[in-house]
Amino acid sequence: MTAHRGVLLVAGLVALSACSVPIQSGAHFTEGWAPAQHTTFAWRDEIDRVVGDSRLEGNQFFHGRLHEAVEWELSLRGIRYQATDADILVHHHLSLADHMFETEVMDSEGQTTMETSVYESGSLVLHLVDARTGDDLWLAWGQANVEPAFNSPDAMRGWVYDLVGEMFDDWPVPPRS
């Protein structure tokens, strides 16, 4: 491989990797909260919100996959769904907005330029509240490029499960084995 092709290959790989925006996530849990004290949860769908995109507002497929993913993660931690008289109430907020990122690209002569790319970001917030006191227990957020999720139902499921999985990486207690 010539040096010229090597530079082009590296520049191409850098550009490709820049297009796949990684998931960013984080969480906050109330100090002193012991998740083991709470063994059931219920959805508080009446306050769920989707902002910024008609493709997901009222989209039962999206909401079903989100519920599946959250229920799976909670079940791994010993918390099961119970429609009434649950210990925890769960709701979510989702917003979609365009985001930009810049990438430094090198051409065949070694000159670098900055390329700006725009992607549609989906930001999801999960909110867990103590059902008896109304106190916040755990708040998690995740953000990722949502554009691939609209390619197919399987892509939507993968996007939701990946995003929720990353958010639960910050759960205060690891999943059961």
Q. Taking the mean number of other Cβ atoms within 10 Å as a proxy for protection, how do you rank 128-140, 156-168 from highest to lowest?
A. 156-168, 128-140
Q | Inter-part distance where the range 87-142 and the range 144-159 are each reduced to a Cα centre, Å | A | 15 Å
(Q) Loop-only GluC sites (Glu not before Pro) in the range 70-125, please: DSSP not H, G, I, E or B, and at most 16 other Cβ atoms within 10 Å. (A) Glu109
Q: For Ala42 and Val125, compute 0.36 nm times the residue count separating them, minus their Cα-Cα distance, and round to one decimal in nm.
A: 28.2 nm
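Is the range 69-177 rounded, prolate or oblate when judged by the Cα gyration tensor, a ≥ b ≥ c being the square roots of its eigenvalues, rounded requiring a/c under 1.5 and prolate requiring a/b larger than b/c? Display every interim value, and only then the final one.
On the way: a/c = 2.65, a/b = 2.57, b/c = 1.03.
Prolate.
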Q) Rounded to the nearest 5, what is the percent of antiparallel bridges among the DSSP beta bridges in the range 23-168? A) 80 percent
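Laboratory data are not the source of any read-out in this text; all were calculated from the coordinates shown. Computed from a predicted structure; not experimentally measured. Don't worry about glycine lacking a Cβ; one is built from the backbone with ideal geometry, like all the others, and counts go over all protein chains shown.
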